[in-house]
Amino acid sequence: MNTQPQRFHDALRSTGMIAILRGVRNAEAEAIGAALYESGFRIIEVPLNSPEPLLSITALRKSLPADCIVGAGTVLKPVQVEQVKDAGGELIVMPHSDGAVIRAARDAGLYSAPGVATVTEAFAALDNGADVLKMFPAEQLGPQVVKAWRAVIARDIALLPVGGITPEGMAVFHAAGASGFGLGSALYTPGLSAEQVRQRAEAFVAAWKALA
């Protein structure tokens, strides 16, 4: 089990958002990671269906300060958890809620954010040791579901809508009880320069600060 849960929650509270770098290339990972960090992001994931994701995770972990959590997304199998750990990753993000993957992350001392779409999945994920809950896909669930879940899920459990989140759309989810967000194509798409990512990141950070 991870012995430093506060470190992840401190990183999440600092900006409230996880940067998802789907499709990032190893050669550009450091520059984009630096742009995100300088904009205020403290959690970055590289989905495993990106080009050379483990190399990108290693590059990010080596280049970013220790208060930035680096991990992998689209983790589907327990065996991938050890690969991520060996690459220097500290966080396992999943599109689904597979108890075996959550337990593998817990046993490896990594943080986990499984994808859940029902309250049953949410409580099962927590029972297996999930650190936070990734509400996916947010476009389908909507803020009304966040509000309903928040009525039965303790406030100290982070609910993170993921999918289709934009700076303009954050307020309604936050008002419903969302603790933060996972940001995909509205923040990063392959081909964007580090400076373009920085501009998008700054817009998200400004929107987050406006929620406080």
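Out of the residues in the stretch 10-23 meeting the condition of being of a type outside the set (S, T, Y) and modelled with pLDDT under 95, tell me which one is surrounded by the most Cβ atoms within 10 Å (Cβ to Cβ).
Per the criteria, the residue is G16.
Among the residues in the stretch 62-76, are any more than 19 Å from L183 (Cβ to Cβ) and either open to solvent by less than 10 Å² (accessible area, probe 1.4 Å) or β-branched (V, I, T) (or both)?
no
Give me the residue from the stretch 101-131 that is of a type in the set (D, E, K, R) and assigned to a helix (DSSP H, G or I) and, out of that set, surrounded by the most Cβ atoms within 10 Å (Cβ to Cβ).
This residue is R106.
Any residue in the stretch 164-180 that's closer than 15 Å to A212 by Cβ: show its pairings with residues that are of a type in the set (S, T, N, Q) and crowded, with 17+ Cβ neighbours inside 10 Å at Cβ separation under 9 Å, as long as the two are six or more apart or on different chains.
These pairs meet every condition: G180/T15.
Which is of a type in the set (G, A, S) and in contact with a strand residue (DSSP E or B) (Cβ under 8 Å, 6 or more places away or on another chain), of G184, G169, G164, G191?
G184
Output the residues belonging to the stretch 5-53 that are of a type in the set (A, V, I, L, M) and under 12 Å from the mean Cα position of the chain (by Cα).
Residues satisfying the conditions are A11, L12, M17, I18, A19, I20, L21, I43, I44, V46.
Can you tell me which residues in the stretch 201-212 are closer than 23 Å to P143 by Cα and either touching a strand residue (DSSP E or B) at 6+ places or on another chain (Cβ under 8 Å) or in a helix (DSSP H, G or I) (or both)?
A201, A203, F204, V205, A206, A207, W208, K209, A210, L211
Kindly provide the set of residues from the stretch 137-158 that are within 18 Å of the chain's Cα centre (by Cα) and in contact (Cβ under 8 Å) with a residue 24 or more places away in the chain, ordered by number.
Scanning the stretch 137-158 gives P137, A138, E139, L141, V146, I157, A158.
Kindly indicate which of N26, N49 is in contact with a helix residue (DSSP H, G or I) (Cβ under 9 Å, 6 or more places away or on another chain), open to solvent by 10 Å² or more (accessible area, probe 1.4 Å) and either on the phi < 0 side of the Ramachandran plot or basic (K, R) (or both).
On inspection, the qualifying residue turns out to be N26.
Mind listing whichever residues of the stretch 181-200 are in contact (Cβ under 8 Å) with a residue 24 or more places away in the chain and among the charged types (D, E, K, R)?
E195, R198
Considering each of A113, A117, A124, A100 in turn, give the residue that is within 20 Å of P53 (Cα to Cα) and among the small types (G, A, S).
Unique residue meeting the criteria: A113.
Restricting to the stretch 162-192, name every residue that is in a loop (DSSP other than H, G, I, E, B) and either open to solvent by 50 Å² or more (accessible area, probe 1.4 Å) or within 25 Å of A151 (Cα to Cα) (or both).
Scanning the stretch 162-192 gives G163, G164, I165, T166, G177, A178, S179, G180, S185, P190, G191.
Looking at the stretch 29-46 only, could you name the residues that are of a type outside the set (V, I, T) and either open to solvent by 20 Å² or more (accessible area, probe 1.4 Å) or out of contact with any Lys or Arg (no Cβ under 7 Å at 6 or more places or on another chain) (or both)?
Result: A29, E30, A31, G33, A34, L36, Y37, E38, G40, F41, R42, E45.
The values are calculated or read from the model by the stated rules, or taken from the named source; none is laboratory data. Just so you know, these numbers come straight off a predicted model, no measurement behind them. Glycine gets a Cβ as well: all are built from the backbone with ideal geometry, and neighbour counts include every protein chain shown. The protein model used for the area step is the full one, side chains on, heavy atoms only, and it has no ligands, DNA or RNA in it. Shrake-Rupley method; radii C 1.70, N 1.55, O 1.52, S 1.80 Å.
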